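Scroll down for the structure; my scribbles are underneath it.
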Amino acid sequence: MRPGSVNQLRYTAALFGRWLNREPMLKDLAEPQVNGWVRAMLDAGRLSTETIRSKRRHLVCLRRFAYERGWMRTLGTIRPVKQAARIPVAWSHGELAALLHISALKTKRLARHRPVAWCAFWRAFILVGYYSGLRLGDMIRLRFDAIGPDGTCVMLQGKTGNPVTFNLPEDALAALAAIRHPERARIFGDLLCRRTIQDEFRWLTREAKIGGSIKRLRASGATWVEATVPGSAMVFLGHRT
C-alpha cells in the first residue's frame, strides 16, 4: 500500500480508539463495536456523511484483511451509511480567466536554480489541470515525454490504476513549452512539492476571489465536457462507472 493509504488507516484506527477510550484491539473489529462507532459518528453530527463513509470503509478493509488471515471467524454485517446527493460545483470560464489573470501578476522565479517563472508555472498548471482532468497526484507525476507533439497523453491513474487519455490544445502546449527544461523529467513535480502546490494554489483562489481548491480544476473540466457532449464526463475523468 502507498504510505498515504497506510496513514489514513492509522488515523481511522486512532479515531476508533478514541471512541473506545483505549488502544483498539483485534477483537474490537467485531460487528457490535464497529456498528456502535458508526452509529455514534452519525448521531454526533460533527462529520460529513462522506467522511463517515470513508472511516467505515477503512475499518471494513481491516476486518476483511483479518478475516482472510484467519484472525476472525465471522465478519457479520456493518451497517451501510447512505450517501447524500452532492451538487457538483465548478468554475465558469470567467472565473478561470480570473484565476489565470492573478497567476500572471507575479514574475518571481520559483528558485534561483530553477529557471522557471512563477507565473509561467501556474499558467501551465491551470491549463493542463483543466484540459486533462487529472488528480493532483497524477499532475505531480506527469512527465514531458508522456505528452505527444499533438498534445495526446495516455497515463495510468495513481489512485485507480486505470488508464486515462486526454488531449491538450495549443494554449496548454504553449504554456508547457514555456517551462520545459532538458534537466527536468516531471513537468510540475520536479519544481514544487505537493504541499507547496496546494498552499500556493490556495493563495491564487483567494486572490481571484473564486474559492475552491485544486480539485475544482478537475470538476470544471469535467463539467464543460459533460455540457458539451452529454455522457462524456465519465471517460474524461477515467471512471469505470
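The values are calculated or read from the model by the stated rules, or taken from the named source; none is laboratory data. As the structure is a computational prediction, the values presented were derived from the model and not from experiment. Here Cβ is always computed from backbone atoms with ideal geometry, including for glycine, and neighbour counts include all displayed protein chains. These accessible areas exclude ligands, DNA and RNA; they are computed on the full protein's heavy atoms, side chains included. Shrake-Rupley method; radii C 1.70, N 1.55, O 1.52, S 1.80 Å.
Before moving on, here are some points about what is shown:
- For the chain, the 222 nm mean residue ellipticity estimated from helices alone, with every DSSP H stretch of n ≥ 4 adding -39500 (n - 2.57) and the total spread over all residues, rounds to -17000 deg cm²/dmol.
- The Rg/Rh ratio of the stretch 112-167, with Rg taken over Cα atoms and Rh as the Kirkwood radius over Cα pairs, comes to 1.00.
- P(r) histogram, all alpha-carbon pairs of the stretch 1-115 included - 10 Å bins from 0, percent: 11, 31, 21, 14, 14, 9, 0
- Checking every one of the trypsin sites (Lys or Arg not before Pro) in the stretch 39-128 against DSSP loop status and a limit of 12 other Cβ atoms within 10 Å picks out Arg46, Arg69, Arg73, Lys82, Arg86, Lys108, Arg112.
- Between 0 and 90°, nearest 10: helix 118-132 axis offset from the chain longest Cα axis: 60
- Kirkwood Rh, Cα atoms: Rg over Rh of the stretch 38-90: 1.10
- For the stretch 141-194: rounded, prolate or oblate by the Cα gyration tensor [a/c cutoff 1.5]: oblate
- Straight-distance candidates among the lysines for linking to Lys159, with alpha-carbon spacing under 26 Å and chain neighbours fewer than 8 residues away dropped: Lys55, Lys82, Lys215.
- Cα shape, the stretch 1-50, gyration tensor, a/c 1.5 rule: oblate
- With every protein chain in place, the chain: carbon and sulfur % of accessible area (1.4 Å): 55
- Look at [x] 1.01; [y] 1.22; [z] 0.91: the one that is Cα Rg over 2.2 N^0.38 Å derived from this structure is [y].
- Under a 5 Å amide H cut-off, with hydrogens placed 1.01 Å from N, Val116 pairs with Leu110, Ala111 among residues at least 5 apart or on other chains.
- Percent RCO, i.e. relative contact order, over the chain, from Cα pairs under 8 Å lying at least 6 residues apart: 18
- Solvent exposure of the chain as accessible area per residue, Å², 1.4 Å probe: 60
- Arg46 paired with Trp203, simple spin-label distance in nm, labels 7 Å along Cα-to-beta-carbon: 3.3
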